[in-house]
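I'd like to ask some things about the structure below.
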Amino acid sequence: MAVEWSGLAPEVLITLDRRRPVPLRAQLEDQFRQAIRSGRLGAGDRVPSSRALAKALGLSRGLVQESYAQLQAEGYLVTRGGSATRVATAATRAAPALRPPAPAPARLIADFASGVPDLASVPREDWAWAIREACRIAPNTDLNYGDPAGNTRLREVLAGYMRRVRAADTIAAQVIICSGMAQGLGLVLRSLADQGLTRAGFEDPGPVDAATTAAWAGVEAVPVPVDDRGVDVAALDATGAGAVVLTPAHQWPTGVVLAPERRLALVDWAARRQAVIIEDDYDAEFRYDRDPVGALQGLAPDRVVAFGTVSKSLAPALRLGWIVSPPDLAAALARAKQVTDRGSPGLDQLALALLIETGRYDRHLRRMRAEYAARRDVLIEALAEHAPGVRLTGLAAGFHAVAHLQPGTAEQDVIRAARSRSVGLYGMSAHRADHAPDPPQLVLGFGNTSQRAIRTGIALVSDLLGNRC
Ligand SMILES: Cc1ncc(COP(=O)(O)O)c(C=O)c1O
């Protein structure tokens, strides 16, 4: 895109060597030719006015005007109707694309991709208000580098939020702001690796990309099976892992809630092994018809690191999350954050604090909880109508569920056939450590799928889903 300048002349790096036996005008023209040919100056870019350039380079204005006239004659520059002089389109070299353009995604009638909140409902007005307010009230000192652990006000607000909503046992000093769970997990695993951690357990099925994060942190990732009561603690114990990464409130992706006796067994395991439980509380705000389940962190604040994120509650693009750390790990995490990026963006942190303090965050969550609950009901009804007998589990929270296909069904065949009908379906096999296709299951996300799309989509693939289970 051509650079448009308002008011001030654009800057262009031109260097003249007054010791060379080449006339200055020739040097100037040559520099422009090279800049245009190499793509440093792009099609339509404005060049400085002759007056500004003459002043900047210590030349006479007449010399610059003559150079510009020569470059126009050669087809490098154009001037139209008294407007600014610009680089001619024909003279420029097309800049290589950063990466080949991705093929346009196929338009789907219904996409049951999971993990994405309703992007059409992101509270843009509230966020814009909060950013404007943050800019208005932030003292100048807040525009400097801040505490790498995060903005004090946000840390206070989040500690209070985690105590109030998740029954966490924490104070602001233990809260570290990060760029979402993805960064938080890397920081935690690296800090623990520095303290001697070599192996961490991950839920299977679970987030397969977590193994990549673990490798980056120098930690071996071992899969630990998940059944209908959550992670298998005896199997975890047998791995000899010194940490485990879990989604206890709504297991990703099975949707299972960690059973009470497993919660206690886990805490006991951590105490016995001096191990760390890394709790990913990614969608805990969206609970429906079960009794509230507090964060595990509240049961063992010295042994649990808990993550929160706004990626499900507001929008993934905000890249804001937080770590609730055991007291003895907080300083190491702040150091890791300092080395990584010197802290998360200050104004965004203040904006999130304002959103929560003013109740706008809670209001948005209430609205979205009702919307996701309605979508969930539509999904249940649509399946009951079009594919009765397909068992649906993992519905207690969040915005995805698991559909159990009939034994013997080929998951990938169903996904391919659905795609040919413009319905996006996704299989559980992608989330299993060994990618096993059995038992055949679909992870049905409905966060970013409208009620109408859910109804239409399920009707379109009903015969593929089968009627018995
Ligand atoms: C299990 C799980 N936890 C957390 C997140 C959020 O990650 P982040 O906060 O980095 O956006 C995701 C994203 O999809 C996820 O799948």
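Return the residues of the stretch 187-210 that are without any contact (Cβ under 8 Å) to a residue 40 or more places away in the chain and more than 18 Å from W252 (Cα to Cα); say none if nothing qualifies.
Of everything in the stretch 187-210, just one residue is without any contact (Cβ under 8 Å) to a residue 40 or more places away in the chain and more than 18 Å from W252 (Cα to Cα), namely A193.
Next up: Please find, among G359, G308, G346, the residue that is out of contact with any Leu (no Cβ under 6 Å at 6 or more places or on another chain), closer than 17 Å to R153 by Cβ and either of a type in the set (K, R) or within 14 Å of the ligand (Cβ to nearest atom) (or both).
G308
Count, please, the residues in the stretch 99-158 that happen to be touching a helix residue (DSSP H, G or I) at 6+ places or on another chain (Cβ under 8 Å), at pLDDT 95 or above, assigned to a loop (DSSP other than H, G, I, E, B) and open to solvent by 60 Å² or more (accessible area, probe 1.4 Å).
Residues in the stretch 99-158 being touching a helix residue (DSSP H, G or I) at 6+ places or on another chain (Cβ under 8 Å), at pLDDT 95 or above, assigned to a loop (DSSP other than H, G, I, E, B) and open to solvent by 60 Å² or more (accessible area, probe 1.4 Å): 2 in total.
Out of the stretch 165-193, which residues are within 13 Å of the ligand (Cβ to nearest atom) and not in a strand (DSSP E or B)? First the steps, then the outcome.
So in the stretch 165-193, the residues within 13 Å of the ligand (Cβ to nearest atom) come out as 177-188.
Residues satisfying the conditions are S179, G180, M181, A182, Q183, G184, L185, G186, L187, V188.
If P223 passes every condition in (1) more than 21 Å from A168 (Cβ to Cβ); (2) away from the ligand (no atom under 16 Å from the Cβ); (3) surrounded by fewer than 24 Cβ atoms within 10 Å (Cβ to Cβ) but one, which one does it miss?
(2)
Can you report the number of residues in the stretch 420-455 which are open to solvent by 40 Å² or more (accessible area, probe 1.4 Å) and either farther than 27 Å from S311 by Cα or touching a Cys at 6+ places or on another chain (Cβ under 9 Å) (or both)? Please lay out each step first, then the result.
If we filter the stretch 420-455 for residues that are open to solvent by 40 Å² or more (accessible area, probe 1.4 Å), which is where we start, we get 420-421, 426, 430, 433-435, 437-439, 448, 450-452, 455.
Okay, now just the ones that are also either farther than 27 Å from S311 by Cα or touching a Cys at 6+ places or on another chain (Cβ under 9 Å) (or both), so 420-421, 434, 437-439.
Result for the stretch 420-455: 6.
Whether any residue in the stretch 256-272 is in contact with an Asp or Glu (Cβ under 8 Å, 6 or more places away or on another chain) and within 16 Å of the ligand (Cβ to nearest atom) is what I want to check.
Yes, because at least one residue in the stretch 256-272 is in contact with an Asp or Glu (Cβ under 8 Å, 6 or more places away or on another chain) and within 16 Å of the ligand (Cβ to nearest atom).
OK, next. Mind listing just one residue for me: the one in the stretch 237-255 that is away from the ligand (no atom under 13 Å from the Cβ) and among the β-branched types (V, I, T) and, of those, nearest to R391 (Cα to Cα)?
Step one: of the stretch 237-255, the residues away from the ligand (no atom under 13 Å from the Cβ) are 237-244.
Restricting the remaining residues to those that are among the β-branched types (V, I, T) gives 239, 244.
Values: T239: 32, V244: 30 Å.
The extreme case among them is V244.
Now for a separate question. If you check every pair at least six apart or on different chains, which have Cβ atoms under 8 Å apart with a residue in the stretch 247-262 that is within 14 Å of F202 (Cα to Cα) and open to solvent by 40 Å² or more (accessible area, probe 1.4 Å) first and a residue that is at pLDDT 95 or above and assigned to a loop (DSSP other than H, G, I, E, B) second?
W252/G206
I need every pair where a residue in the stretch 159-184 that is on the phi > 0 side of the Ramachandran plot has its Cβ under 7 Å from the Cβ of a residue that is more than 12 Å from the ligand (Cβ to nearest atom), sequence separation at least 6 or different chains.
Taking only residues 6 or more apart or on different chains, the pairs are A167/G294; A167/A295; A167/G298.
The values are calculated or read from the model by the stated rules, or taken from the named source; none is laboratory data. Everything numeric in this text was worked out from a predicted model, so none of it was measured. Glycine also receives a Cβ, built like all others from the backbone with ideal geometry; neighbour counts cover every protein chain displayed. Heavy atoms of the whole protein, side chains included, go into the accessibility calculation; ligands, DNA and RNA do not. Shrake-Rupley method; radii C 1.70, N 1.55, O 1.52, S 1.80 Å.
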